[in-house]
Structure formats: C-alpha cells, structure tokens
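Written below as structure tokens is the structure these notes are about.
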Amino acid sequence: MFFGKGHSACYGCPLPIAVRNVLEALDGRCFVVNPTGCLEVTSSQYGRSAWGVPYIHSTFENAPSVASGISYALEVLGRENEGYVVVFAGDGATADIGVGYLSSMLHRNDNVLYICLDNEAYQNTGNQQSSQTFLGASTTTTPAGRVIPGKTLRRKDMIAFALAHGTPYVATSSIAFPRDLRRKAKRAVEFVGSKYIHVHCPCPTGWHFDPSKTVEVARLAYETALFPIVEFEYGRLVRVKKIKRRKPVEEYLKVQGRFRHLFKHPEGGRIISELQRIANENAMRFGLD
Amino acid sequence: MRKVVRGFYAVAYSVKLCKPNVICAYPITPQTEISENLAEMYANGELENCKYITAESEFEAASILVGASATGARTFTATCSQGLILMSEVLINAAGMRLPIVIVNTNRALSAPLSIWNDLQDSMLLRDSGIIQIYVEDNQEVHEMIPQAYKIAESTMFPTMICMDGFKLTHAYEPIDLLDQETVDGFLPPYEPPIKLSIDEPLTFGAYAPPHCYMEFRYKMHKDMLNAKNKIEDVFKEWGEIRRDWGGLIEFKEGKTVLVSLGSLVGTMKEVAKEMGLGYLKVRTYRPFPYDEIREALKDCDNVVVFDRAVSFGYEGVLTIDIRNALYGESPNVYSFIVGLGGRDVPKEVMEDCVSKVLSGRAERYRFEGLKDFEEVTY
C-alpha cells in the first residue's frame, strides 16, 4: 500500500483521497515531499508512518526546495528514472509561507510535480485563514463578528501564479473527481520540468459540515463555478470540466457552517453577490457553462 | 603546488577536490566569491557529477541541500551572518535529520546596526543547534579542513560547519600549498549514506515525534555529538599522518597565564604569547566542546585570558562562558575581553594591554576592550 496504513486524519478528511489517487496513478514511484500541516501530522508519526513510498518532511515553508534538491540529486547520481518527485502541500504552505520557494522552484522549472491540497485554511492548527480562504468565510482569525462578516479579501490566484512562471503543466482538480485527478497526475509527469496541480479538498472539521458530505461539498464548489476545474499545457488552456447546469453560489454556501452568518449578517448579502460575481467571472474566463 | 591565492579560492578549490554532487548558495558578503569561484569551475566543466544551483535565498539553498543530502548526494554551501541565521531553521532541521551537509561560514557580524565586517556572533548563535563547528586560523588550515570536514560530517552524520573569519581570511592573499586530487581521493572515499530516500527501500524522513519518543531522539543526538569528539580526533590524526599535523580539538602551549581564542585572532594571540612568555590555547572544535581537554590544559595555570568576539547580551563573552564552565571548581582566574566586534581591528597592542591589565590586577571579570568615547543615549 502506498498510503493509508495508520494515518490519523479526521473522519471525512479529503486528503487521503487525493494522496491515494495520485500515488496509485503513478504506481507508487514517487519521492514524496510534504511540508508541515494536516497531512504531515496525521501520516508521519515516528513508528507508525502511513507512507509506503520514500517520504521527507523538513519544515513548513521549504517543500518546493527540498523537492528541487531531491530531483538534482537523482539526476546527478544517475537515478532519475527511479521515480517522480512529488510534493503534497497544504494551501498555507503553498500560497502563504512557502510561496517564495514555490516561485523559485517554478522559475528554475525543476522536475517536480507539485500538488497543492487546498482546504482553504490552516486546518492543522485549527482553521486560521490563509490566502486561499474564500471571501466571507468565518475562520478563527477572520471570525464573523458584529461588524466584520468573516474574511474580507479575495483568494490569491495560484493558477495565474503558476502560469506566470511559464510552468509547462498547470491544472486544477477536486477530490470529487478522482478519475480527473488520476488522469492529471499521469498527464503531468509526461512533462519535463515543473508541474502544478491545485486540488480542492473540503475540510469537514474546519468548514463545519457533516463528514459524510466531503465529496458532495467538493462537487458543489465545482457546480457553482467557485472552484473551476481547468488544465493548461505550456500556458494554453487545453481543457475545462464544463458545468451542465450551473448552480447559484448559495447552494454551496448554505451547506457549510463557515458561511452560515452570511445569510443573516447585514453585510452578508453584499458578500454573497460578490461571490456570485466571482463565480460568473470564473465561468466566463474559462468557458465553464 | 604552492600558489598565492585568496581565501575564497583556497576554499573553492578544496571543495572541488572533495567532489560534491550538489552545491547551492546565495550571495552574501564576504562569502560571495567562494560561490563565484565554484560557479566558474562549474561553467568550465571542472566539477564532475555535480549540479551547481543558484538559490533565491540562503534559506532555499539550505533546503535544497536537505533534499539532495537525504537522497544520498554530497553537498556544499557557504554563507555567513544574516544568511546563516536565515538558514538556521533548515540547518537545525538538517541536524535533527542527521544530514552531513558541509557549510563554510565566513564569519560576519549580525545586524543591527548593519555591518559586513567580521566577528563571531553569527556562528556562535548556532552553538546549540547540533551542528559541528570548527574554527580555522588561516587559509592553509581552511584549505586542508574541507576534506576533513566531509569525513567528519559523513562519519558522524552531523552537518559540519567550518568557520573562517570574513575579510581577514576570505579576502587575504596567502601562499597556499594546494592539495592534489590524489591526496584527497585517498583520504575521502565517495559518500555512501547509511540510509537514503529510495523507491526500493521507502523510509520516512523527518517524522513527527510526540512526547513519548521525542526526547530519545534528542538524547541520541547529544550522545553522538559527544562521541563525535573521538571521531574528529581520529580524522585530525589521519590527516596529520598523510599531510600535516594541525593538532587535536585544541592546540595548547603551557604558561602561568594562558591566552585563549579561536579563528584568525589566534595568529596575533600566538605572537603576543611568544613575546610576553605566556601560554596560549586555540580552540579548534567549538561544538562538540572539548571540555575535558580544556579543563586539563588550563586547570593549573594562574590566569586565563579569553579574547571573545561574540557577546551573550546580558551575560558576557560567549566563549568565556564555556571556558568558565569547563574550569568550574578549579582555581584559575578567568578574564574575558570582548574585542573586534563588527570588524574593529585587534592589533597586538590591544592584546598586550589586556594582558598587562590582568598581570597588574586591574582586569575585571569581563570588559569590552578597544571602545572609543561616545555619547550614550539613555532609555
């Protein structure tokens, strides 16, 4: 087994779904680099590691650089055919604390498959906002208060970020669509250089929904176009996952505790319409409808 | 082959002979020319089986080497000052993961105020990090220390840092008796890691350790660091047999009054000791600390005069703290003179003045020597 035995993730956690699918798609021929975060603490405890593949955790912010180092070592030691270098990193490690190192790795176009497992906050430390937290979401550092209605900023656009570095393969996927994720992992490793896949991973614990609904919530993010599923090769949009009948964003928001306040807060209506505008913008930009 | 070269080249040339697989650094004065020299060798195809990577920060350089070292590559970086402390999170992590990365630190003061000049505050800040620290006196010593540092790192599985004084050594031209490939090959076998990241034997590196097992890891690290003293001595001895005997963990000359220091200050110190008929003690290995050797050497003398170039603010000179501790319960008087911070020159006269203060009973427990008159702002 490449991943699973003995991990201690929460009920309904999306991370093992993503990890298992990627590792199976790549036949376990992976050197995994994993920064500090939910996945790391639930899988790498001494004496009960859940990893059946070579695995390294160094610090919170340096996974891209450690991955670069592994790829250089494999190359110079003549071991480059031994396996792929794969990073599984949370959104905080990817888009916040480690973003400079990710930029550096993409700039050098190092031969690494970087997978961001986006649960939209620092869930390991208890749901503090990250730059991937959605507008309006209530987190422990952007709580919905009488005056401030949760998070007030837009998400950092990591797809545009990856594309801006000339990254040969850039895609998004979701744990709602394991087949899509597996195909993309396989496609990604056909490219020499850096590959970036941003995977939507709804967190029942932090987002406050029932652990049995993880896949359903992930599906709604796609169906409302709040999380577009797209694929770029050499900077060109080659494929999108079209939405048959796009749903209003309320459908996604109302099933999660983190957005509940929007339906009664005086500022809530304004935020919901801004989120709808963002969804419309996504649909237009990528031609999702 | 004897050649007049600068300190940078003495380092870079020796690194080349050690055949590292991954070199990664970030520019910082006064280290930059070490990485420039290596970049030039790389560009000219002189580094075989080697990748030279330009990182976007020292933090990244160290992180790349963590990945490379865990995969089984021999690695090298050079840095100092702000760069070293930016690296420190990663280097401390590498020490815990027991990765034998070799680092040359070209000692430089820490900011603020900004100073590009020399003192030892940077490396001494990493005293407790689990990184082996060796201080060199001159460029011949640093040149010959590099193969030894690889052997020490790879036999103890600790990151090993050679500390050479910025500007005073890095920029100095000296005639260097350059090593040849045959000598280094004979001394330093290719790196065969006991464990590494590999698909055939998948291991978890950098595991998370809850309270029930964390402490054992740290105990083991401490025990191995203490044992490293023997391994370091063996390496020094082996080097002495094939090349030149530089001494053990310390270099010591007896006297009633003994001067103590490390790094390039040792040259001046030996000169003063000779002229004034005193003893001296050069600390070569600072961590692991040669506690027994220093205690044995100094316990029967009258005065120990430590020249320190790093301060533990709110206490005293950093090296002095360790020397005092090694002499606990013994009778010598220990005096600390904090000199040369931020590149302030330490000529013989300053040292002689310190010694005469001690010999005439005018010395204090510790003292900043060589201060100018200045107007203090009161908070």
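The values are calculated or read from the model by the stated rules, or taken from the named source; none is laboratory data. Just so it is clear, the model here is predicted, and its values are computed rather than measured. When we count neighbours, we look across all protein chains shown, and the Cβ atoms used for this are built from the backbone with ideal geometry, even at glycine.
Residues to consider are B:Pro210, B:Pro193; find the one that is more than 24 Å from B:Cys80 (Cβ to Cβ) and in contact with an Asp or Glu (Cβ under 9 Å, 6 or more places away or on another chain). Steps first, answer last, please.
On the way: B:Pro210 fails: in contact with an Asp or Glu (Cβ under 9 Å, 6 or more places away or on another chain).
Among B:Pro210, B:Pro193, only B:Pro193 is more than 24 Å from B:Cys80 (Cβ to Cβ) and in contact with an Asp or Glu (Cβ under 9 Å, 6 or more places away or on another chain).
Only one of (1) in contact with a strand residue (DSSP E or B) (Cβ under 8 Å, 6 or more places away or on another chain); (2) free of Cβ contacts under 8 Å to residues at least 40 places away in the same chain; (3) among the β-branched types (Val, Ile, Thr) fails for A:Ile115. Which number is that?
The one condition A:Ile115 does not meet is (2).
When you go through B:Pro113, B:Pro159 one by one, which is the residue that is within 14 Å of another protein chain (Cβ to nearest Cβ) and either touching a residue at least 60 places away in the same chain (Cβ under 8 Å) or not acidic (Asp, Glu) (or both)? Walk me through it before giving the result.
Values: B:Pro113 fails: within 14 Å of another protein chain (Cβ to nearest Cβ).
Testing whether each residue is within 14 Å of another protein chain (Cβ to nearest Cβ) and either touching a residue at least 60 places away in the same chain (Cβ under 8 Å) or not acidic (Asp, Glu) (or both) leaves just B:Pro159.
Return yes when A:Val66 is buried (at least 24 other Cβ atoms within 10 Å of the Cβ), more than 8 Å from every other protein chain (Cβ to nearest Cβ) and in contact (Cβ under 8 Å) with a residue 24 or more places away in the chain and no when it is not. Even if it seems obvious, please write down each step before you answer.
Details: buried (at least 24 other Cβ atoms within 10 Å of the Cβ): yes; more than 8 Å from every other protein chain (Cβ to nearest Cβ): no; in contact (Cβ under 8 Å) with a residue 24 or more places away in the chain: yes.
Spelling it out, it is not the case that A:Val66 is buried (at least 24 other Cβ atoms within 10 Å of the Cβ), more than 8 Å from every other protein chain (Cβ to nearest Cβ) and in contact (Cβ under 8 Å) with a residue 24 or more places away in the chain.
Identify, from the list B:Glu174, B:Glu182, the residue that is in the same structural domain as B:Ile28 (by TED's automatic domain parsing) and within 22 Å of the chain's Cα centre (by Cα).
Details: B:Glu182 fails: within 22 Å of the chain's Cα centre (by Cα).
Exactly one of B:Glu174, B:Glu182 is in the same structural domain as B:Ile28 (by TED's automatic domain parsing) and within 22 Å of the chain's Cα centre (by Cα), namely B:Glu174.
Per-residue answers, yes or no, for (1) touching a Ser or Thr at 6+ places or on another chain (Cβ under 7 Å); (2) farther than 11 Å from A:Cys203 by Cβ:
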| site | (1), (2) |
| --- | --- |
| A:Gly90 | no, no |
| A:Gly100 | no, yes |
| A:Leu113 | no, yes |
| A:Asn119 | no, no |
| A:Tyr122 | yes, no |
| A:Gln128 | yes, yes |
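If the requirement is being of a type in the set (S, T, N, Q), modelled with pLDDT of 95 or more, buried (at least 17 other Cβ atoms within 10 Å of the Cβ) and under 23 Å from A:Gly126 (Cβ atoms), which of these qualifies: A:Thr224, A:Thr167, A:Thr205? Step through it out loud before you land on a result.
Details: A:Thr224 fails: under 23 Å from A:Gly126 (Cβ atoms); A:Thr167 fails: under 23 Å from A:Gly126 (Cβ atoms).
Sole residue among the options that is of a type in the set (S, T, N, Q), modelled with pLDDT of 95 or more, buried (at least 17 other Cβ atoms within 10 Å of the Cβ) and under 23 Å from A:Gly126 (Cβ atoms): A:Thr205.
I want to confirm something. Restricting to the stretch A:100-128 and keeping residues that are among the aromatic types (Phe, Trp, Tyr) and within 27 Å of A:Ala176 (Cβ to Cβ), which single residue is nearest to the other protein chains (Cβ to nearest Cβ)? Before you say what the answer is, go through the steps one by one.
So the first thing to find is which residues in the stretch A:100-128 are among the aromatic types (Phe, Trp, Tyr), and the list is A:101, A:114, A:122.
Next, from what is left, pick out any that are within 27 Å of A:Ala176 (Cβ to Cβ): A:114, A:122.
On the way: A:Tyr114: 13, A:Tyr122: 16 Å.
Top of the filtered list is A:Tyr114.
Being among the β-branched types (Val, Ile, Thr) and over 29 Å from B:Tyr219 (Cα atoms) narrows it down to one residue among B:Ile28, B:Ile85, B:Ile64; which is it? First the steps, then the outcome.
Working: B:Ile85 fails: over 29 Å from B:Tyr219 (Cα atoms); B:Ile64 fails: over 29 Å from B:Tyr219 (Cα atoms).
B:Ile28 is the lone residue from the list that is among the β-branched types (Val, Ile, Thr) and over 29 Å from B:Tyr219 (Cα atoms).
Looking only at the stretch A:72-99, filter to residues that are facing another protein chain (nearest Cβ under 8 Å) and in contact (Cβ under 8 Å) with a residue 24 or more places away in the chain; which one of those is farthest from A:Gly126 (Cα to Cα)?
Filtering first and then ranking leaves A:Glu75.
Inside the stretch B:69-95, can you point out the residues that are in contact (Cβ under 8 Å) with a residue 40 or more places away in the chain, more than 10 Å from every other protein chain (Cβ to nearest Cβ) and within 30 Å of B:Cys213 (Cα to Cα)?
B:Leu84, B:Ile85, B:Ser88, B:Leu91, B:Ala95
Residues that are more than 23 Å from A:Ala89 (Cα to Cα) and hydrophobic (A, V, I, L, M, F, W, C): which helices (runs of 4 or more DSSP H) entirely in the stretch A:200-289 hold 2 or more of them? Let's see the steps before the verdict.
Working: elements: A:204-207, A:214-223, A:249-253, A:268-286.
Ranges flagged: A:249-253, A:268-286.
Restricting attention to the stretch B:328-343, report how many residues are assigned to a loop (DSSP other than H, G, I, E, B) and β-branched (Val, Ile, Thr). Write out each step before concluding.
Restricting attention to the stretch B:328-343, the residues satisfying the condition of being assigned to a loop (DSSP other than H, G, I, E, B) are B:328-332, B:339-340.
Now drop any that are not β-branched (Val, Ile, Thr), which leaves B:339.
Final tally of qualifying residues: 1.
Quick one: B:Lys16 ticks every box in (1) more than 14 Å from chain A (Cβ to nearest Cβ); (2) in contact with a strand residue (DSSP E or B) (Cβ under 8 Å, 6 or more places away or on another chain); (3) buried (at least 21 other Cβ atoms within 10 Å of the Cβ) except a single one, so which number is it?
The one condition B:Lys16 does not meet is (2).
Is it fair to say A:Thr214 is closer than 24 Å to A:Thr142 by Cα and in contact with an Asp or Glu (Cβ under 9 Å, 6 or more places away or on another chain)? Step through it out loud before you land on a result.
Working: closer than 24 Å to A:Thr142 by Cα: yes; in contact with an Asp or Glu (Cβ under 9 Å, 6 or more places away or on another chain): no.
Against the criterion (closer than 24 Å to A:Thr142 by Cα and in contact with an Asp or Glu (Cβ under 9 Å, 6 or more places away or on another chain)), A:Thr214 does not qualify.
Tell me, yes or no, whether the stretch B:130-145 has at least one residue that is aliphatic (A, V, I, L, M) and under 20 Å from B:Leu38 (Cα atoms). Walk me through it before giving the result.
Filtering the stretch B:130-145 for residues aliphatic (A, V, I, L, M) gives B:131-132, B:134, B:136, B:142, B:145.
Narrowing further to those that are under 20 Å from B:Leu38 (Cα atoms): B:142, B:145.
Yes, some residue in the stretch B:130-145 is aliphatic (A, V, I, L, M) and under 20 Å from B:Leu38 (Cα atoms).
Is it the case that some residue within the stretch A:42-59 is in contact with a helix residue (DSSP H, G or I) (Cβ under 6 Å, 6 or more places away or on another chain) and either touching a residue at least 60 places away in the same chain (Cβ under 8 Å) or surrounded by fewer than 20 Cβ atoms within 10 Å (Cβ to Cβ) (or both)? I'd like the intermediate steps shown before the answer.
Initial filter on the stretch A:42-59 (in contact with a helix residue (DSSP H, G or I) (Cβ under 6 Å, 6 or more places away or on another chain)): A:50, A:56-59.
Narrowing the set further to residues that are either touching a residue at least 60 places away in the same chain (Cβ under 8 Å) or surrounded by fewer than 20 Cβ atoms within 10 Å (Cβ to Cβ) (or both) leaves none.
No, because not a single residue in the stretch A:42-59 is in contact with a helix residue (DSSP H, G or I) (Cβ under 6 Å, 6 or more places away or on another chain) and either touching a residue at least 60 places away in the same chain (Cβ under 8 Å) or surrounded by fewer than 20 Cβ atoms within 10 Å (Cβ to Cβ) (or both).
Give the number of residues within the stretch B:179-213 that are among the β-branched types (Val, Ile, Thr) and within 7 Å of chain A (Cβ to nearest Cβ).
Within the stretch B:179-213, the subset among the β-branched types (Val, Ile, Thr) is B:183-184, B:195, B:199, B:204.
From the residues that got through so far, the ones that are within 7 Å of chain A (Cβ to nearest Cβ) too are B:199, B:204.
The total comes to 2.
Please count how many residues of the stretch B:307-356 are surrounded by 16 or more Cβ atoms within 10 Å (Cβ to Cβ) and at pLDDT below 95.
Number satisfying all stated conditions: 0.
Does the stretch A:33-52 hold any residues that are within 17 Å of A:Val112 (Cβ to Cβ) and within 9 Å of chain B (Cβ to nearest Cβ), and which are they?
Within the stretch A:33-52, A:Val33, A:Asn34 qualify.
Which residue pairs have Cβ atoms under 8 Å apart, sit 6 or more places apart or on different chains, and have a first residue in the stretch B:40-56 that is over 25 Å from A:Leu106 (Cα atoms) and a second that is exposed (fewer than 14 other Cβ atoms within 10 Å of the Cβ) and not aromatic (Phe, Trp, Tyr)?
none
If B:Val104 satisfies all but one of (1) touching a strand residue (DSSP E or B) at 6+ places or on another chain (Cβ under 7 Å); (2) within 11 Å of chain A (Cβ to nearest Cβ); (3) crowded, with 24+ Cβ neighbours inside 10 Å, what's the number of the condition it fails?
Result: B:Val104 fails condition (2) only.
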